[in-house]
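Encoded as structure tokens, the structure appears first; notes follow it.
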Amino acid sequence: MKRANIRQLLTAVLLLLTGTSMVTAQDNAYTNDQNEQIIKSQQAFREKRFGIFIHWGLYSMVGQGEWVMQNQNISYQEYPKLAQAFYPANFDAAEWVRSFKQAGAKYICITTRHHDGFSLFDTDASDYNIVDATPFGRDIIGELAQECRKEGIALHFYYSTLDWGRGDYPRGRTGKGTGRGPQEDPENYFNFMKTQLTELLTKYGDVGCIWFDGHWDHDEDTVDWTRDSVYRYWHYDEIYPLIHNLQSGCLIGNNHHLDPFEGENIQIFERDVPGQNTAGWHEGGISDLPLETCQTMNRSWGYRITDNNYKSFPALIKYLVSTAGRDANLLLNVGPQPDGSLPEAALERLSQMGQWLQTNGETIYGTRATLVKPQPWGVVTHKDNKMWLHIFPDELASAQTEGKIYIPYTTDRKIKSAKVFSSSAPLKFKQYKEGIFVFLPEGVETQNIPDYIVELTFNK
Ligand code: GLC
């Protein structure tokens with residue numbers, strides 16, 4: 001074992017044994033910004049632009065979404081009985097990974113433990129896990145990790161900070177009807193979390209990101225939270241360094257809907273592209289960190305038997321492009337069925353998205369969207385000396401552009417050419433000091449496509 005590895009291991013053991021942080025309250029400015037590995041991971045993450053989110057667990061068997069335990073006030077003693085019958089006979093990690101890769105996704109984020117507290121991985125921290133508590137007995141996370149490694153696709157772990165089943169979890173605003181109890185024991189709970197995170201980061205190879213969720217469970221506490229106290233309440237001052245000590249390139253994201261805290265390496269937006277707040281959850285601004293929007297294909301995250309409200313293929317493409325056009329990745333959710341297979345409706349859309357990305361991926365992957373902000377007619381991505389104008393035909397109709405679109409981009413770079421991306425047909429343009437006009441061929445508004453792409457090439 002290399003010395004660096006020994007040091008990492010000792011640090012982890014120390015953290016686990018003492019439950020204390022090496023970062024004190026005074027210097028609670030834990031940051032990993034300068035860590036070269038993190039900078040590299042952030043760059044790689046940004047380039048990926050499209051990932052698949054998987055919500056899968058015992059709740060999938062009930063078919064009413066991943067919140068069923070809380071929504072139906074299911075007793076913490078009854079709910080685990082689902083585990084005794086969990087046998088997803090059609091689960092095939094290779095099949096999943098194949099479908100996601102064909103869809104053009106570059107990473108996968110899976111729920112290792114959701115709010116119901118059941119672990120989808122083999123853990124020594126509790127018997128309530130896929131290997132010890134189910135007749136299936138296979139480590140799903142292990143199988144997926146192995147397949148992802150083989151297929152060269154990054155794996156991220158969703159991890160819930162809240163728990164509706166454990167008595168030691170300090171109560172928040174959800175899960176009040178599950179009968180958990182009686183003894184809250186935060187130190188024990190956070191040590192359990194640290195043990196599990198250590199397992200996740202030492203047993204499954206490289207982890208692209210730990211994706212936390214549940215912070216908001218305490219946002220109605222009657223405590224007068226400062227950012228510093230809420231940071232320490234959730235033990236981020238211990239947990240974040242633990243993660244980076246175990247895997248220095250592992251990104252940390254937290255779905256708390258606030259401005260990022262120290263030590264976090266990506267910023268997450270839930271059901272909204274950065275800058276929009278239709279769901280009404282986002283209280284923070286937009287940071288300089290790599291951004292990610294999570295959204296689901298239908299309305300639910302976990303499998304819901306009555307939810308056939310799948311977004312259409314054009315709507316999904318528009319969402320992906322709108323996200324990339326705000327300099328963010330799209331983490332698109334699929335909720336596998338109780339037997340482990342993916343819903344037909346999801347597979348169909350994934351394959352359509354994959355086909356679209358095969359042709360148009362150049363305008364999405366590895367691009368940035370920092371030069372021109374979203375416009376009434378669509379969004380703009382760019383890379384090297386190319387710029388792509390993603391025109392949404394349904395928005396163009398009301399954008400009053402009279403056959404031309406305006407791009408408020410001031411530059412001393414001269415445009416060499418403008419063309420329709422799909423056909424390479426040349427387009428007329430006029431470049432002024434203040435911005436650019438591109439003249440569109442007639443009939444663009446009526447085309448039945450989600451995204452009409454114009455490519456501008458600059459001299460440099
Ligand atoms: C919300 C939901 C949670 C889901 C997550 C995905 O936080 O509470 O169930 O996993 O969104 O973004």
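The values are calculated or read from the model by the stated rules, or taken from the named source; none is laboratory data. Not measured: the values here are computed from a predicted model. No Cβ is skipped: glycine too gets one built from the backbone with ideal geometry, and neighbour counts run over all protein chains shown. Only protein heavy atoms, including side chains, enter the accessible area calculation; ligands, DNA and RNA are left aside. Shrake-Rupley method; radii C 1.70, N 1.55, O 1.52, S 1.80 Å.
Once the chain from ARG173 to GLN102 is taken as fully extended at 0.36 nm per residue, the excess over their C-alpha distance is 21.5 nm.
The Cβ shell under 11 Å around ASN191 holds other residues with a net charge of -3, Lys and Arg each +1, Asp and Glu each -1.
For a quick protection proxy, order the peptides 157-170, 181-194, 307-320 by their average other-Cβ count within 10 Å, most packed first.
On the way: 157-170: 22.1, 181-194: 15.1, 307-320: 17.4.
Per-residue Cβ counts within 10 Å, averaged per peptide and sorted highest first, yield 157-170, 307-320, 181-194.
Taking amide H as placed 1.01 Å from N in the peptide plane, LEU331 has its amide H under 5 Å from the amide H of GLY51, THR293, CYS294, GLN295, each at least 5 places away in sequence or on another chain. Among the chymotrypsin sites (Phe, Trp or Tyr not before Pro) within the range 416-460, those in coil by DSSP and having at most 11 neighbouring Cβ atoms inside 10 Å are TYR432.
Per-residue extension of 0.36 nm, minus the Cα-Cα distance of ASP394 and ASP132, leaves a gain of 89.1 nm for this segment.
Using a Förster distance of 25 Å, how high is the FRET efficiency between ASN71 and ASP219, based on the Cβ-Cβ distance and rounded to 0.05? Once rounded, the FRET efficiency stands at 0.85. The mean sequence separation of alpha-carbon pairs under 8 Å and at least six residues apart, normalised by the residue count of the chain, gives a relative contact order of 17 percent. Distances between placed amide hydrogens fall under 5 Å for VAL131 paired with THR123, all partners being 5 or more residues away or on another chain. Extension gain, THR410-TRP281: 0.36 nm per intervening residue step, less the Cα-Cα distance, totals 43.0 nm. Mind jotting down the distance between the C-alpha centroids of the range 408-460 and the range 68-95, whole Å? Value for the Cα centre distance between the two parts: 52 Å. With all protein chains kept in place, the per residue accessible area of the range 2-363 amounts to 40 square angstrom at a probe of 1.4 angstrom. Accessible surface computed residue by residue for the range 378-458, with neighbouring protein chains in place and a 1.4 Å probe, gives 51 Å² per residue.
Show me 248-259, 267-278, 35-46 ranked by packing, highest mean number of other Cβ atoms within 10 Å first.
Values: 248-259: 21.2, 267-278: 18.8, 35-46: 16.7.
Listed from highest to lowest mean packing, they are 248-259, 267-278, 35-46.
If R₀ is 25 angstrom, what is the calculated FRET efficiency for the pair ASP288 and SER424, using the beta carbon separation as r and rounding to 0.05? Spell out each step's value before the answer.
On the way: r = 36 Å, r/R0 = 1.43.
The computed FRET efficiency comes out at 0.10.
Give the residues of the range 106-123 whose amide nitrogen is closer than 16 Å to a point set 7 Å from the Cα of GLU151 in the direction of its Cβ. Flagged as within label range: 106-111. Beta bridges per DSSP, both residues in the chain: antiparallel share near 45 percent.
Report, to the nearest whole %, how much of the accessible area of the chain belongs to carbon and sulfur atoms, 1.4 Å probe, protein only.
On the way: 9380 of 19610 Å².
About 48 percent, which is the carbon plus sulfur part of the accessible surface.
Could you tell me which of the pairs LYS101/LYS416; LYS318/LYS419; LYS40/LYS430; LYS373/LYS433; LYS318/LYS383; LYS48/LYS404 are separated by over 27 angstrom between their Cα atoms in the structure shown?
Numbers: LYS101/LYS416 35 Å; LYS318/LYS419 20 Å; LYS40/LYS430 38 Å; LYS373/LYS433 17 Å; LYS318/LYS383 20 Å; LYS48/LYS404 31 Å.
Those over the limit are LYS101/LYS416; LYS40/LYS430; LYS48/LYS404.
Helices in the chain that qualify as membrane-span-like (whole DSSP H runs, Cα extent of at least 18 Å along the helix axis, mean Kyte-Doolittle hydropathy of 1.6 or higher) do not occur. Modelled this way, with points 7 Å down the Cα-to-C-beta line, the labels at GLN43 and ASN385 are 2.2 nm from one another. Here the range 290-356 and the range 264-282 have alpha carbon centers that stand 17 Å from each other.
For the range 397-460, what's the relative contact order in percent, using C-alpha pairs closer than 8 Å and at least 6 residues apart? It would help to have the intermediate numbers written out before the result.
Working: 93 pairs, mean separation 27.0, N = 64.
Relative contact order, the range 397-460: 42 percent.
Estimated from helices alone, the mean residue ellipticity of the chain at 222 nm is -8500 deg cm²/dmol (sum of -39500 (n - 2.57) over DSSP H runs with n ≥ 4, per residue).
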